[in-house]
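Each remark here refers to the structure printed beneath this line.
Where a number appears in this text, it was derived from the coordinates with a stated rule and is not lab data. Here the structure is a predicted model, which is why all the values come from computation and not from measurement. Ideal geometry is used to build each Cβ from the backbone, glycine not excepted, and the neighbour counts take in all protein chains shown.
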Amino acid sequence: MSKLTAGVLAGLVLGALHGMWAARGDMGATTLAGALLGRASQGIINGILTAWLAGGRMPAWRAAVWGALFGVLLGALRGIAHQAWMTTISPSAVVGLGCGLAVSLARRD
């Protein structure tokens, strides 16, 4: 599996889980679909950025840190739009951390 594929898949899965966690109180179809699609797309972007940065042989800890930083940045951008800082930044950092680990463990560039 390539680094880009690993980053996108990890971002998609972790972002969808983040979306389900964000919509845990309101399970209406519109809210759930918006949360799932929004967080999954944020995770995909995080995976692509992390894979782009870790193109060569990067240690796992460094790729995880860069992924988490990208996650914090994307979570902060979403927090600006919705004034929900505490519910977006830390879960987005966890999604980025997972993307960084998936990218660093991928075998091919």
| message | Testing the spin-label approximation: label points 7 Å from Cα along Cα→Cβ at residue 87 and residue 73. State their distance in nm. | response | 2.6
| remark: Output ordering of 43-56, 23-36 (per-residue mean of other Cβ within 10 Å, highest first) is 43-56, 23-36
| Overall form of region 3-105 per C-alpha gyration tensor (a/c, 1.5; a/b vs b/c) | prolate
| note | From DSSP H assignment alone, runs of 4+ in the chain each adding -39500 (n - 2.57), the sum over residues rounded to the nearest 500 puts [θ] at 222 nm at -28500 deg cm²/dmol
| message | Sequence gap at least 6, Cα distance under 8 Å: using those rules, report the relative contact order of the chain to the nearest whole percent. | response | 38
| Sites residue 21 and residue 57, calculated FRET efficiency, Cβ-Cβ separation with R0 35 Å, nearest 0.05 | 0.60
| said: To the nearest 20 Debye, how big is the dipole of the chain about its Cα centre, given +1 on the beta carbon of each Lys and Arg and -1 on that of each Asp and Glu? | reply: 280
| What is the extension gain from residue 80 to residue 5, computed as 0.36 nm multiplied by their sequence separation minus the C-alpha to C-alpha distance, in nm to one decimal? | 24.1 nm
